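Report on the following structure.
The values are calculated or read from the model by the stated rules, or taken from the named source; none is laboratory data. Small disclaimer: the values here were computed from a predicted structure and weren't measured. Cβ coordinates were reconstructed from backbone atoms using ideal geometry, including for glycine residues, and neighbour counts include every protein chain displayed. Just the protein is used for accessible areas: all its heavy atoms, side chains included, with ligands, DNA and RNA removed. Shrake-Rupley method; radii C 1.70, N 1.55, O 1.52, S 1.80 Å.
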Amino acid sequence: MTPTNGTPLLKMQGIVKEFPGVRALSNLTFDVYKGECHCLVGENGAGKSTLMKILSGAYTPTSGIIHFDGHDYKHLTPALSKSLGIEIVYQENDLVPTMNAIENIFVGKEMTRFGGFIDHAGMAERVHELMQRYKIDIDPTRNIEQMSVSDQQFVKILKALMNESRILIMDEPTSMFNVEDAGKVLNLVRSITSHGISVIYISHFLKEVVQIADRITVIRDGNVINTYDNAGRDVPLNTLTRDMVGRPVDMFYQKEPSEIGDVMFEVKDLKLTKDSPSVSFSVRRGEIVGLSGMVGSGRTEIVRAISGADPRYSGDIYLNGEKLTIRNPRDSIEAGIAHITEDRQRLGLNLNASVLENALMVGLQQKNRMRKGILYNCNSYAAPIQGIVEKLKIKTPSLQQAAVNLSGGNQQKVVLGKWLFAEQSVYIFDEPTRGIDVNAKAEFYKQMTALTHAGNCIIMVSSDMPEMISMSDRILIVRNGEICSELTGDEINEQTIIREALGVG
Ligand SMILES: Nc1ncnc2c1ncn2[C@@H]1O[C@H](COP(=O)(O)OP(=O)(O)OP(=O)(O)O)[C@@H](O)[C@H]1O
Ligand SMILES: [Mg+2]
């Protein structure tokens with residue numbers, strides 16, 4: 001059990017952080033004891049990442065003081081923060097894809113032997129020691145690009161632990177994971193804290209938070225609302241959501257049924273490669289079809305081939321009975337398909353452009369109102385985009401704000417907004433609510449429902465089981481790149497989905 005009496009190792013006191021037009025943190029106090037897991041939760045834009053960037057030295061606070069191990073600091077720099085043993089594992093991938101895990105862990109600080117030769121054996125040994133100590137099971141000699149997202153995440157964590165860390169910050173570490181891999185991260189957190197290292201853990205998966213946290217702090221609009229002792233792993237989820245939002249929220253969205261019409265969208269004999277299985281399915285007007293399966297089952301690959309994000313070997317795609325020519329994403333946009341990819345930062349947004357420009361990016365292209373790649377007269381569309389910003393509750397001081405300055409979850413909402421404005425007819429959503437807080441999720445589900453009521457259809461890939469179950473009219477189970485079963489009505493339940501996905505039916 002972790003002692004949360006005595007003096008904390010870290011105390012951030014009276015922290016204020018102002019950006020132009022935004023007060024991200026107001027007079028916030030937050031502390032961490034040695035060896036505890038302290039979770040931070042709050043709505044998108046509440047200030048969680050900003051507080052952690054102050055701790056990692058990336059941002060200078062406007063005012064406040066940081067007490068760490070008996071010393072006081074007005075602000076930290078990245079170098080100072082690292083030298084104190086504070087390490088942050090970012091969500092963005094900062095590993096070199098063409099190097100293996102060991103090389104990545106030691107990049108820029110390679111161990112050398114007598115004569116200045118790189119000590120490959122020594123480095124490998126250090127990595128194996130660490131893996132053993134923290135019970136991490138990966139093959140560190142594989143190149144990063146050949147590793148799964150979750151193994152890459154473990155490499156990032158190993159890299160941080162190599163530096164004698166005292167506090168490890170994890171900002172949404174499992175947002176790209178399936179349940180099984182997320183479980184591995186939770187075990188790792190336990191093993192890290194048992195070695196006396198403190199973990200600050202940020203997540204929108206509140207169940208996960210209650211499983212792992214010794215204490216939980218809820219922040220809202222840059223203020224601490226409450227800090228709970230969670231030694232008994234028993235803080236109620238609705239207490240957390242009420243504090244996050246300021247009023248009780250219903251976490252279980254009840255979908256309003258929509259009228260399901262004739263077949264609207266059809267995929268016939270789609271093959272990704274010459275030897276891959278052939279995939280055929282159709283979606284009706286007003287229908288939401290969920291593609292479910294284990295991570296790596298091929299769900300994402302199927303939808304990427306449909307929208308032209310990746311090439312396909314063969315197969316035909318029909319919309320309203322008409323065969324479409326889709327060779328690339330542009331063709332699919334023109335045909336009326338929206339594809340919201342799982343990787344928002346890399347594929348969904350132009351981070352340096354404004355919220356307005358991003359939101360108009362597809363819609364205006366679609367309406368041929370873009371010349372030579374430059375949007376003109378954006379401002380005449382400010383009103384409809386402002387409407388979308390309000391509907392999705394995108395937290396931004398203005399439409400002119402650069403997307404890079406929005407919080408992670410609000411960036412994701414801009415991606416959704418962009419496609420809503422584009423008014424497509426077939427919507428492909430791949431992990432649409434990753435990183436989105438509970439309250440905004442409910443808003444997003446309302447928008448999905450509105451799309452189907454307006455006569456569109458939706459294909460959804462999601463690892464979020466409650467989302468899959470409550471939103472899908474029909475579920476197709478993908479296994480080894482193949483659609484192996486179809487579930488409707490009462491068959492849509494967690495047990496059946498898992499059984500079919502694993503193929504143990
Ligand atoms: N560099 C910046 N410039 C301007 N505003 C910023 C900057 N960084 C953060 N903000 C603003 O500060 C507020 C807090 O953002 P922060 O990223 O800390 O939120 P968060 O709690 O991590 O949210 P999420 O759950 O969406 O990741 C937001 O309104 C955000 O737009
Ligand atoms: Mg964040």
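Some values worked out for this structure:
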| read-out | value |
| --- | --- |
| Distance from segment 171-222 to segment 1-50 (C-alpha centre basis), Å | 15 |
| Sequence of S194, S407, S56, S280 from largest to smallest accessible area, 1.4 Å probe | S194, S280, S407, S56 |
| Dipole magnitude of the chain about its Cα centre (Cβ charges: Lys, Arg +1; Asp, Glu -1), debye to nearest 20 | 1240 |
| Relative counts (whole %) of C-alpha pair distances in segment 401-505, using bins that are 5 Å wide | 2, 11, 20, 21, 18, 13, 10, 3, 2, 0, 0 |
| Whole-Hz ³J(HN,Hα) from phi, Karplus 6.51 cos²θ - 1.76 cosθ + 1.60, for segment 268-280, glycine and proline x | 10, 6, 6, 10, 7, 9, 4, 9, 7, x, 9, 10, 9 |
| Amide H partners (placed H, <5 Å) of R474, local residues excluded | I288, G290 |
| Solvent-accessible area of Y313 with every protein chain in place, 1.4 Å probe, in Å² to the nearest 10 | 120 |
| Protection proxy ranking, peptides 198-206, 142-150, average beta carbon neighbours within 10 Å, highest first | 198-206, 142-150 |
| Protection proxy ranking, peptides 294-303, 34-43, average beta carbon neighbours within 10 Å, highest first | 34-43, 294-303 |
| Residue-averaged [θ]222 nm for the chain, counting only DSSP H segments that reach four residues, each worth -39500 (n - 2.57) | -9500 deg cm²/dmol |
| The chain: relative contact order in percent, alpha carbon pairs under 8 Å with at least 6 residues between | 15 |
| Expected-Rg normalisation [2.2 N^0.38 Å, Cα atoms] applied to the chain | 1.02 |
| Heavy-atom accessible area ranking, 1.4 Å probe, most first, across T217, T112, T193 | T112, T193, T217 |
| Alpha-carbon centroids, segment 226-289 and segment 389-426: separation in whole Å | 19 |
| Exposure of E208 as accessible area (Å², to 10), given a probe of 1.4 Å and all protein chains | 20 |
| Helix runs (DSSP H) in the chain reaching 15 Å along axis by Cα, Kyte-Doolittle at least -0.5 | 149-161, 179-194, 355-366, 408-422, 438-453 |
